[in-house]
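Student: I'd like to ask you about the structure that follows.
No lab work stands behind these numbers, since they all come straight from the coordinates. Predicted, not measured: the structure shown is a model, and the values here were computed from it. Positions of Cβ are backbone-derived with ideal geometry, glycine not excepted, and every protein chain shown enters the neighbour counts.
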Amino acid sequence: MGFVSFGFLGFLAAAVALFHLSPRAGWRRGVLALANLGFLATWVHTPHDALAMGGFVLGSFGLIRLSQRVGWRTLLVASLAALIGGLVWVKRYKLALAVLPADFFEPRLQLIGISYMTFKAVHVLVDAHQRQLAAVSLASYANYQLGFFSLVAGPMQPYPDFRAWWDRIEEPLASREGALRALSRVLHGLLQIGILAALAHGLWQQAIDGALLPEPRGAAALRLTTIFYAYPAYVYFNFSGYCDVVIGAAALLGMRHQENFDRPYLARNMVDFWDRWHISLTHFIRDYVFMTSYKAWAERWPRTARQGGYALLFGALLLAGIWHGSTWNFVIFGAIHGAGVAATRIWGDALRSLFGREGARRYDRDPWIRRAAVLATFHYACFSFLFFEPGFRPALERLAAIAAKVF
Amino acid sequence: MSEVRERLQEVFRDVFDDDDLVLADEMNADSIERWDSLEHVNLIIATEREFAIRFATREISLLKEADQNVGSFIRMIESKLGSNGG
């Protein structure tokens, strides 16, 4: 069931109505669990997929509980390897075939939301292992993983936030204003997806449709420009609109989700971009990938900590790129972002080293430098989205054909 | 100034290479220049060494959140020192 559909709106209205009509917390939890299962059923098409989904939730829950109880580091490492290996298998990563047999990914499973579910499981597993969570219950964990708001494409809510809401689950929506705000957020998201994202996608589709046909240089330049700007616009409007729907729908049940976007195309540099784009993913990558690995590096090899930090920044964003999809173009997308983030940090360090703290401060505050940096960052991000579209070879062939006509 | 605050201030001065830095409870990553993810980890490592404590991943992450500040940092250190019997 897609988010921009009358079916979803009807489903949401029914779930919210039943939730509010339920007189007790236990009933509300039951309504939410049924809604989650009902929504999931529209995405799971075979008994194998249903079993695998159940197996993932129960299996990861078992590992979490065991890890929480015994606290063995070996168990944590093995569990993380199993979760990441499972993700690679289900998503059939093309790059893994360089070292694995061709039939490794058989039988095929379709598990909706597996990328998000894996990261959520890693987060709960690590925090549970480090004794940072109270006992994780199966009901709260299963509903955290399968929550219909964020099952398909996030955002990734921290488990403690979900658990706090699940445990109290009091009478939601104390005010009419709160309900109206939540509804208007849902509507805003739907309009953004239905109008702005659709418009940008239409422009992009139109531009790529005739990419291989002969045409004058000016027309080809216009086509290239349209592709360059329309696809990033589509991705932003579509995903941030979806997040508006998720945040608004969750608020109708009294659940608070963190904001996932903050005007990313106004970022000053690529570090700033990731502080504004898909914020929940950035936080996960920052906390569980970058900061964890950099801390280990800096403790073990303090003399090369700075260079290690640059390399790990690159690696963290490379991983974020690869996480988005299983084909090679997402490796390139991640490498572009990794290079951008590492370069931002290297540039900042170089400025301080060359001009001192005061000089670097003046550089940061100069309004013209800021405007130029925002413009450059925006175009760097747009360039990266040339590699975001699923289907790498056709995209590359189209771009090569248009570029040959222009240049 | 409490002993923890005084020692933490020295850690901050060392990590951010600023001998004039004076810690206040309300200071956070936005108000201290260069307090990004990389320096945050350097700060955590230096703090762990100074106070002989360890931070979990979630605690390191929490201390970087917008609603956290130097005051929360000091409270977390004091709580760890208390539970260590230190």
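Student: Just check the range A:334-388 against the gyration tensor rule for me: Cα atoms, a ≥ b ≥ c as the square roots of the eigenvalues, rounded for a/c under 1.5, and otherwise prolate or oblate depending on whether a/b exceeds b/c. Intermediate values should be presented prior to the final figure.
Tutor: Details: a/c = 5.27, a/b = 1.72, b/c = 3.06.
Verdict is oblate for the range A:334-388.
Student: Please report how far the C-alpha centroid of the range B:18-49 lies from that of the range A:176-212, rounded to the nearest whole angstrom.
Tutor: 41
Student: Further, regarding this structure: Leaving out same-chain residues fewer than 8 places away, which lysines sit with a Cα under 16 Å from that of A:K94?
Tutor: none
Student: What residue among A:V246, A:A298, A:A267 has its Cα farthest toward the positive end of the dipole of the range A:223-322, where the charges are +1 on Lys, Arg and -1 on Asp, Glu, each on the Cβ?
Tutor: Farthest along the dipole direction, towards plus: A:A298.
Student: What is the magnitude of the charge dipole of the range A:37-155 about its Cα centre, with +1 placed on the Cβ of each Lys and Arg, -1 on the Cβ of each Asp and Glu, and no other charges, expressed in debye to the nearest 20? Walk me through the numbers before you get to the answer.
Tutor: Numbers: 9 positive and 4 negative charges, 54 e Å.
Its charge dipole is roughly 260 debye.
Student: Stokes-Einstein D for the range A:1-115 at 20 °C, 1.002 mPa s, Kirkwood Rh over Cα pairs, in µm²/s?
Tutor: On the way: Rh = 17.0 Å.
D, rounded to a whole number, is 126 µm²/s.
Student: Then there's this: If you average the sequence gap of Cα pairs under 8 Å that are 6 or more apart and divide by the length of the range A:1-86, what percent do you get for the contact order?
Tutor: Values: 23 pairs, mean separation 14.8, N = 86.
Across the range A:1-86, relative contact order equals 17 percent.
Student: Hey, another quick one. Reachable lysines from B:K80, Cα under 21 Å, same-chain residues fewer than 8 places away excluded?
Tutor: Correct list for B:K80: A:K295, B:K64.
Student: Can you give me the C-alpha center-to-center distance between the range A:89-117 and the range A:1-69, rounded to a whole angstrom?
Tutor: Centre-to-centre distance over Cα atoms comes out at 24 Å.
Student: Take A:I227, A:I112 and order them by how many other Cβ atoms sit within 10 Å, fewest up front. Please list the in-between numbers first.
Tutor: Working: A:I227 24, A:I112 19.
Final ranking by Cβ density, sparse to dense: A:I112, A:I227.
Student: Which whole number gives the average, over all residues in A:348-355, of C-beta atoms from other chains lying within 10 Å of the residue C-beta? Provide the component values of the computation, followed by the final result.
Tutor: Numbers: counts 3, 2, 0, 0, 3, 0, 0, 0.
Rounded to a whole number, the mean comes out at 1.
Student: Moving on. Return the long-range amide H neighbours of A:R268 (sequence gap of 5 or more, or a different chain), with a cut-off of under 5 Å between placed amide H atoms.
Tutor: Placed amide hydrogens put A:F273 under 5 Å from A:R268.
Student: State whether the range A:73-214 is rounded, prolate or oblate according to the following rule on the C-alpha gyration tensor (a ≥ b ≥ c being the square roots of its eigenvalues): a/c under 1.5 gives rounded; otherwise a/b larger than b/c gives prolate, and the remaining case gives oblate. Provide the component values of the computation, followed by the final result.
Tutor: Working: a/c = 3.20, a/b = 1.04, b/c = 3.06.
Oblate.
Student: Roughly how many debye, to the nearest 20, is the charge dipole of the protein assembly as shown about its Cα centre, given +1 on each Lys and Arg Cβ, -1 on each Asp and Glu Cβ, and no other charges?
Tutor: Values: 49 positive and 44 negative charges, 201 e Å.
Value, rounded to 20: 960 debye.
Student: Starting from the Cα of A:K91, draw a straight line to each of the lysines and keep only those under 29 Å, dropping any in the same chain fewer than 8 residues away.
Tutor: Reachable lysines: A:K120.
Student: Do me a favour and compute the ellipsoid semi-axes for the range A:33-90 from its Cα gyration tensor, root of five times each eigenvalue, largest one first, whole Å.
Tutor: 26, 14, 7
Student: Once the principal axes of the Cα atoms of the range A:297-338 are found, what is the range along each, listed largest first in whole angstroms?
Tutor: The Cα atoms of the range A:297-338 stretch 36, 14, 10 Å along their principal axes.
Student: Sticking with this one: Please name whichever of A:A373, A:A400, A:G359 sits farthest to the positive end of the charge dipole of the range A:345-407, dipole taken about the Cα centre and charges placed at Cβ: Lys and Arg +1, Asp and Glu -1.
Tutor: A:G359
Student: Hey, another quick one. Does the range A:294-369 come out rounded, prolate or oblate by the C-alpha gyration tensor, with a ≥ b ≥ c the root eigenvalues, rounded set by a/c under 1.5 and, if not, prolate when a/b is larger than b/c and oblate if not? Mind showing how you got there, number by number?
Tutor: Numbers: a/c = 3.85, a/b = 1.43, b/c = 2.69.
Oblate.
Student: Against the empirical 2.2 N^0.38 Å scaling, what ratio does the C-alpha Rg of the range A:278-407 come to? Please list the in-between numbers first.
Tutor: Values: Rg = 17.5 Å, N = 130, 2.2 N^0.38 = 14.0 Å.
This ratio for the range A:278-407 stands at 1.25.
Student: Among A:L63, A:L213, A:L109, which one shows the highest mean-square fluctuation when chain A is modelled as a Gaussian network with alpha-carbon springs under 10 Å?
Tutor: Of A:L63, A:L213, A:L109, the Gaussian network model singles out A:L213 as fluctuating most.
Student: Okay, next question. Any chance you could tell me what percent of the C-alpha pair distances in chain B go past 18 Å?
Tutor: Values: 1284 of 3655 pairs.
It works out to 35 percent of all Cα pairs.
Student: Let me ask you something else. Please arrange A:Y294, A:Y229 by counting, for each residue, the other beta carbons lying within 10 Å of its beta carbon, fewest first.
Tutor: Details: A:Y294 25, A:Y229 18.
So the residues, fewest neighbours to most, are A:Y229, A:Y294.
Student: State the Kirkwood hydrodynamic radius of the protein assembly as shown in Å, one decimal place, computed from all pairs of distinct Cα atoms. Kindly include the intermediate steps, with their values, before the conclusion.
Tutor: Details: mean 1/r = 0.0402 Å⁻¹.
24.8 Å is the Kirkwood radius here.
Student: Where does each of B:D19, A:D262, A:D49 land when they are ranked from fewest to most other beta-carbon atoms within 10 angstrom?
Tutor: Working: B:D19 8, A:D262 13, A:D49 17.
Ascending Cβ contact count within 10 Å gives the list B:D19, A:D262, A:D49.
Student: Mind checking which helices in chain A clear 15 Å along their axis (Cα) and have mean Kyte-Doolittle hydropathy of 0.0 or more, DSSP H runs only?
Tutor: Values: long enough: A:6-21 (22 Å, 2.11); A:25-41 (24 Å, 0.87); A:47-70 (34 Å, 0.63); A:73-91 (27 Å, 1.57); A:114-129 (22 Å, 0.79); A:176-191 (22 Å, 0.31); A:198-209 (16 Å, 0.21); A:217-252 (52 Å, 0.86); A:305-324 (28 Å, 0.93); A:328-365 (43 Å, -0.07); A:367-384 (26 Å, 0.57); A:392-406 (21 Å, 0.67).
Both cut-offs are met by A:6-21, A:25-41, A:47-70, A:73-91, A:114-129, A:176-191, A:198-209, A:217-252, A:305-324, A:367-384, A:392-406.
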